[in-house]
Structure formats: C-alpha cells, structure tokens
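The values are calculated or read from the model by the stated rules, or taken from the named source; none is laboratory data. Here the structure is a predicted model, which means the values were calculated and not measured. Note: ideal-geometry Cβ built from the backbone for every residue, glycine included; neighbour counts use all protein chains shown.
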C-alpha cells in the first residue's frame, strides 16, 4: 500500500487514464473491424478519414505505437481502394 499522498493520487489518476485509454482503444478497434467488413465503396470511403483520425489520435497519446497506426491506416486504405 502506498504511504505518500502523492502516490495515492497517482494510483487514482492512473486508473482513470487506464479506463479512458481502454475505451478509446476498443472504440478504434471496433471502427477498424467495421471498416474492414464494409462492402460498399462509397460508405467505406466516407468512413476511412474518421478511422484514420482515430488511429492518429491514439498514436499521438501513445495508446498505440505510431508504426502500428501507420500499418493499420495503410491496410485500410488498400481495402477501400479495392472496393472502389
């Protein structure tokens, strides 16, 4: 158990950050999954910039690695290009 007030506060704030990061990470994963499942080219083309922005924000805050975000964006762009 932590003995300092600052350590107790750090534990509380870390738990909040962890919950927030898990939520955004899961939301982005679901968005990627939904985009990969799309078969309509127009709808997928509209969704791609939104998903890319989500991945960029996650990479910027170090929730995911920047290379992982780039790889996902690249593969999604290829998928959308194949549809259209």
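Overview of values
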{"quantity": "Subset tally (residues that are closer than 14 Å to residue 81 by Cβ and in contact with a helix residue (DSSP H, G or I) (Cβ under 7 Å, 6 or more places away or on another chain)) for the stretch 40-67", "calculated": "6"}
{"quantity": "Meets criteria (at pLDDT 95 or above, surrounded by 10 or more Cβ atoms within 10 Å (Cβ to Cβ) and under 11 Å from the mean Cα position of the chain (by Cα)) for residue 17", "calculated": "no"}
{"quantity": "Options 7, 59; residue that is in a helix (DSSP H, G or I) and surrounded by 15 or more Cβ atoms within 10 Å (Cβ to Cβ)", "calculated": "59"}
{"quantity": "Scan of the stretch 13-36 for residues that are closer than 14 Å to residue 79 by Cα and touching a residue at least 24 places away in the same chain (Cβ under 8 Å), ordered by number", "calculated": "32, 35, 36"}
{"quantity": "Qualifying residues in the stretch 20-36 (those that are loosely packed, with under 13 Cβ neighbours inside 10 Å and closer than 21 Å to residue 82 by Cβ) - the one farthest from the chain's Cα centre (by Cα)", "calculated": "34"}
{"quantity": "Some residue of the stretch 68-83 being part of a loop (DSSP other than H, G, I, E, B) and surrounded by 13 or more Cβ atoms within 10 Å (Cβ to Cβ)", "calculated": "no"}
{"quantity": "Residue among 39, 61 that is over 13 Å from the mean Cα position of the chain (by Cα) and in contact (Cβ under 8 Å) with a residue 24 or more places away in the chain", "calculated": "39"}
{"quantity": "Out of 45, 2, sole residue that is surrounded by 10 or more Cβ atoms within 10 Å (Cβ to Cβ) and in a loop (DSSP other than H, G, I, E, B)", "calculated": "2"}
